[in-house]
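What follows is a short report on a single structure.
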Amino acid sequence: MKTRRPLTPEEVDESQRLKAIYEQKKAAAKAAGRSLTQAEVADACGWSGQSAFSQYATGKVPLNVEALLKLSKALGFAPGEVSPRLMEGIAFPKDEPGPQDLQPIQAWDDRTPLDEHEVEVPFLREIELSAGSGRFGIEEDDGSRLRFDKKDLRANGVQFDQAKCVTVRGNSMLPVLRDGAIVGINTGRTSITDVTDGDLYALNHNGQLRVKQIFRQPGGIRLRSFNRDEHPDEDYTFQRMHDEEISILGHVFWWAMFAR
């Protein structure tokens, strides 16, 4: 088994400075009424989960130039504050801003105007239908919105007006999606013929919002949970889909959740 080399004293100091900057930014965010988690920082750096950031901040892994530049952009600090060693001899073109000139994560709320490059994406929610039928349906939530960068939606082939968000409930999609995770769905992909086997999709199951992997089968579909020990596969013929009012709401193109 490959063992990691111990960090040098200088590398240990760098990780401690990084951790101190994060704690400072976290405290400032809390004072402003918002959060700044390690998972959010990792996501801003393009890393999956909080562990990558944690390894740098706790000195398990030494910083490198690429990671330092990503972290400086995400947290809004000059990279030389953390590691003059790594930044020695690195120059940025005069017509391009260095990481120290980039803006930190910005807070926003429902009253913050949209930038030109942003779009607000509504949530879908379960509602009880009127007339005391005891049945449920799905509609847009008038109050909840998330902001997405238009270029990110374009890059994923999502039309702005066809982007919606859904909240995942339950433990069926653990360990990938926790209870309360939010997924973005492309409502432009709702046909069985649009299904890519194994991809995630949001479904309307007789008024219940569900997020599952879908696999096409002769004469129907298979729904699969990541937590297959507690939630076995579900097979539905097209006739049963019709009888149980199962329809595809959209293809999942994005998700986010707190690492708790």
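Amide H contacts for residue 253 (H built 1.01 Å from N in the peptide plane; partners 5 or more residues away or on another chain; cut-off under 5 Å): 184, 185, 186. Loop-resident GluC sites (Glu not before Pro) (DSSP state other than H, G, I, E or B) in the range 200-254 with no more than 16 further Cβ atoms inside 10 Å of their Cβ: 230, 244, 245. With θ taken as phi - 60° and the Karplus curve 6.51 cos²θ - 1.76 cosθ + 1.60 applied, the whole-hertz 3J(HN,Hα) list for the range 66-83 is 4, 5, 4, 5, 5, 5, 5, 6, 5, 9, x, 9, 6, x, x, 5, 8, 9 Hz, x standing for glycine and proline. In this structure, the amide hydrogen of residue 136, modeled 1.01 Å from its nitrogen in the peptide plane, lies closer than 5 angstrom to those of 129, counting only residues at least 5 positions away or on a different chain. Note that the range 195-202 has calculated 3J(HN,Hα) couplings of 5, 9, 3, x, 6, 8, 9, 8 Hz, one per residue in order, obtained from phi through the Karplus relation 6.51 cos²θ - 1.76 cosθ + 1.60 (θ = phi - 60°); glycine and proline are x.
Where a number appears in this text, it was derived from the coordinates with a stated rule and is not lab data. Everything numeric in this text was worked out from a predicted model, so none of it was measured. Backbone-built Cβ (ideal geometry, glycine too); neighbour counts: all protein chains shown.
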